[in-house]
Amino acid sequence: CAYTFLTNSPQLASASISGPTLTLSLTDPGAIGYTLSDVTITLGGQPCTIGNVNSAINNFQCTLPANTDGTANMGAGSYLPIVTIKQSGIAPCANTIQAFDFPLTLTSLNMTSGGTNGGYILQLTGVGFPSTLASADIQICGQSATIKSITNINAEILVPTCATGATSVSISNGVKTSNTLTFTYVAAAPPATIYQVIPQSYNPSLKRIM
């Protein structure tokens, strides 16, 4: 058996990004005879869908999954587009193409203070959050908080107990760590006391407001 490597295979000549949209250019050496219907694209493991397979190979666009705010649903990191052509495999990148960098950033908290007793939900907003609970670590008061839910731009944590005073909040994906935001622990309010119940008895087979 014989196998021959192509000496003139397609190349990714240029790539740019705006929001969830990539604009790409591929070379067409002629001997391959491919079209965009033969091309698949991923960025950081996310699929990028070609909007019009009849577009010119030297100028076309694909769309990444998007968040509700219109940003690309990409975890923090630096990624080069991976363009695979059915007839020739992965297209090499031109030397001028730079990896796209997606930051890990905290932008806001839904509240900036809470009781030292903890046990309540704190919501974090930002960009580049990990997509799974297992790959995220959110630090508050020097300890890892219990993460209740997480998306690429939002997370909810169960606030742990801590002493009074200001503390920092940050998120990490195991490689990158975000900036920090300040959360202040304040003395917890005394617990409520139930001192009266009306009615104190009622027929168990009926409904009534207590």
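The values are calculated or read from the model by the stated rules, or taken from the named source; none is laboratory data. Note that this is a predicted model, so its numbers are computed, not measured. Every residue, glycine among them, receives a Cβ derived from its backbone with ideal geometry; neighbour counts consider all protein chains shown. We work out accessible area using only protein heavy atoms, side chains counted, and drop any ligands, DNA or RNA first. Shrake-Rupley method; radii C 1.70, N 1.55, O 1.52, S 1.80 Å.
What percentage of the solvent-accessible surface of the stretch 81-210, computed with a 1.4 Å probe over protein heavy atoms, is contributed by carbon and sulfur atoms?
56 percent
Would you kindly state how much longer the chain becomes between Thr27 and Thr7 on full extension, computed as 0.36 nm times their sequence separation minus their alpha carbon distance, in nm to one decimal?
5.8 nm
For the stretch 1-73, what does the relative contact order come out to in percent, with C-alpha contacts under 8 Å and a separation of six or more? It would help to have the intermediate numbers written out before the result.
Details: 113 pairs, mean separation 22.3, N = 73.
Computed value for the stretch 1-73: 31 percent relative contact order.
Run the lone-cysteine check on the chain: no other Cys C-beta under 4.7 Å from the residue's C-beta.
So, Cys1, Cys93.
Can you find, among Tyr202, Pro160, Val39, the residue sitting farthest towards the positive end of the charge dipole of the chain, where Lys and Arg contribute +1 and Asp and Glu -1 at Cβ?
Working it through, the farthest residue towards the positive pole turns out to be Tyr202.
May I ask you to list the lysines whose Cα is less than 27 Å away from that of Lys176, ignoring any residue fewer than eight positions away on the same chain?
Excluding near neighbours in sequence, the set is Lys148.
Please list 3J(HN,Hα) in residue order for the stretch 7-15, calculated via the Karplus relation 6.51 cos²θ - 1.76 cosθ + 1.60 where θ = phi - 60°; whole Hz, with x for glycine and proline.
Going residue by residue, I get 8, 9, 9, x, 10, 7, 8, 7, 7 Hz, with x marking Gly and Pro.
Mean separation of Cα pairs under 8 Å and 6+ residues apart, divided by the residue count of the chain: what relative contact order is that in percent?
16 percent
Once phi is turned into ³J(HN,Hα) by the Karplus curve 6.51 cos²θ - 1.76 cosθ + 1.60 with θ = phi - 60°, what whole-Hz value does each residue of the stretch 88-105 show in order, with x for glycine and proline?
9, x, 6, 7, x, 8, 5, 4, 7, 7, 9, 5, 7, 9, 10, x, 10, 9
Using alpha-carbon pairs under 8 Å, 6+ residues apart, how would you state the relative contact order of the stretch 93-210 in percent? The partial results should precede the final answer.
Values: 228 pairs, mean separation 31.4, N = 118.
In percent, rounded to a whole number, it is 27.
Summing +1 for each Lys or Arg and -1 for each Asp or Glu, what net charge is found among the other residues whose Cβ lies under 14 Å from the Cβ of Phe129? Provide the component values of the computation, followed by the final result.
Values: positive: Lys148, Lys176; negative: Asp69, Asp137, Glu156.
Local charge sum for Phe129: -1.
What does the accessible area per residue of the chain come to in Å², with a 1.4 Å probe and no ligands, DNA or RNA counted? It would help to have the intermediate numbers written out before the result.
Values: 12280 Å² over 210 residues.
Accessible area per residue: 58 Å².
Of [x] 18.1, 56; [y] 15.8, 49; [z] 26.3, 91, which one was derived for Rg and Dmax of the Cα atoms in Å from the structure shown?
Correct label, based on the coordinates given: [z].
With charges set only on the Cβ (+1 for Lys and Arg, -1 for Asp and Glu), what does the dipole of the chain come to about its Cα centre, in debye to the nearest 20?
So the magnitude is around 600 debye.
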